[in-house]
Amino acid sequence: MPEAGAHGKSVTIDGHRLAITHRDKLLFPGTGLTKGDLIDYYDRIAPILVPHLADNPVSLQRFPDGLDGEGFYQKDAPTYFPDWIPRVRFPRREGGHFLAPRIDSRAALVYLANQAMITPHRYLSPADDLEHPDRLIFDLDPAEGREEDARVRRAALDLRDLLAELSITPGVQTTGSRGFHVVVPLDGGEGFDTVRGFARDVARVLVRRHPARYTLAQRKAQRRGRLFLDVLRNAYGATAVAPYAVRAREGAPVATPLSWSEVERGAAPRDWTMRNLLRRLGQKADPWREQGARRFRLDAHHQALAALLDREAPAEEEG
């Protein structure tokens, strides 16, 4: 990994002069990590992170006064952002639009970290075609207030094995929170309704096979201790935490792409943080560096998925 280059009060990155302010402002009180630490992390991770972000607009999660203060999500780029940070005209379904920022350079990433952006959340479709997602996501989290690393790990592996039956190879990352994202890269040929329907049918197969383990019930009272297979974020305007993004949680955990062998060996959702992630990448290449090399078109797999659904008896919750 390259050495950080944003230590001064003013730095030049990608030809842009950036003012770096209040480096000593405490963002993560429990661990003593400051805004300067956040800026340095994003500066050093930029060569790996920016390629995962460059094509898609983002929503910014900002904490100007640290985790002890109020945070907010910023979807609309304010007028004071420099002109060299790209904006994407993002139509709202209810009418109107907003101008979503795009992080296409190291300079943009460092500038936004200086704005106390802790987490960039990536939209699921690229800037040049917002109606067609470039990834499908299964969001696996335990019930609120519970830490169940083994259960979410088992769910991720079960999904991987099921997708393999369909000749689909997904990726996996920790969310930096309590769970995992299982991610299928897409070729952009299908709309959100088709993608979400496919994801739901995959989840239905898993629920039918393991009705005591998994559920698609949206109401928490109906889940009865089962793990919810969340496919709802596969929708227009939805976002997912970007790979290698810091989360706005004590300890500064990082959403970390993994190899499947790491999941098999017991990787946990919050194993990597702002303190140890760079060391990890010094020892191990980005597991997602080739993720875009093969993108899937779901219509080629619909028939095989329908056959799997027909083979399994409907779960009780479907009736």
Do we have F63 as surrounded by 17 or more Cβ atoms within 10 Å (Cβ to Cβ), closer than 20 Å to L277 by Cα and at pLDDT 95 or above here? no
If you go through region 151-169 one residue at a time, how many are touching a Lys or Arg at 6+ places or on another chain (Cβ under 9 Å), more than 13 Å from H181 (Cα to Cα) and of a type in the set (V, I, T)? 1
Give the residue, chosen from D68, D55, D83, D76, that is within 17 Å of the chain's Cα centre (by Cα) and either farther than 26 Å from P29 by Cα or in a loop (DSSP other than H, G, I, E, B) (or both). D55
The condition from (1) among the hydroxyl-bearing types (S, T, Y); (2) over 17 Å from the mean Cα position of the chain (by Cα); (3) under 30 Å from P91 (Cβ atoms); (4) buried (at least 22 other Cβ atoms within 10 Å of the Cβ) that T194 misses is numbered (4)
Taking the condition assigned by TED's automatic domain parsing to the domain that holds F296 and assigned to a strand (DSSP E or B), does H181 pass? yes
Which pairs turn up if I take residues in region 290-314 that are farther than 15 Å from G191 by Cα and look for partners that are surrounded by fewer than 11 Cβ atoms within 10 Å (Cβ to Cβ) with beta carbon separation below 8 Å, at least 6 apart in sequence or on another chain? H301/S167; A304/S167
Taking region 16-25, which residues are assigned to a strand (DSSP E or B) and surrounded by fewer than 17 Cβ atoms within 10 Å (Cβ to Cβ)? H16, R17, A19
Note on region 229-254: residues among the hydrophobic types (A, V, I, L, M, F, W, C), under 24 Å from H132 (Cα atoms) and part of a loop (DSSP other than H, G, I, E, B) are V231, L232, A235, A238, A242, A245
Could you please let me know if D230 is touching a helix residue (DSSP H, G or I) at 6+ places or on another chain (Cβ under 9 Å), within 19 Å of H52 (Cβ to Cβ) and acidic (D, E)? no
Qualifying position, being within 23 Å of L157 (Cα to Cα) and not in a loop (DSSP other than H, G, I, E, B), among A217, A221, A306: A306
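The values are calculated or read from the model by the stated rules, or taken from the named source; none is laboratory data. What you see is a predicted model, and the numbers here were worked out from it, not measured in a lab. Cβ coordinates were reconstructed from backbone atoms using ideal geometry, including for glycine residues, and neighbour counts include every protein chain displayed.
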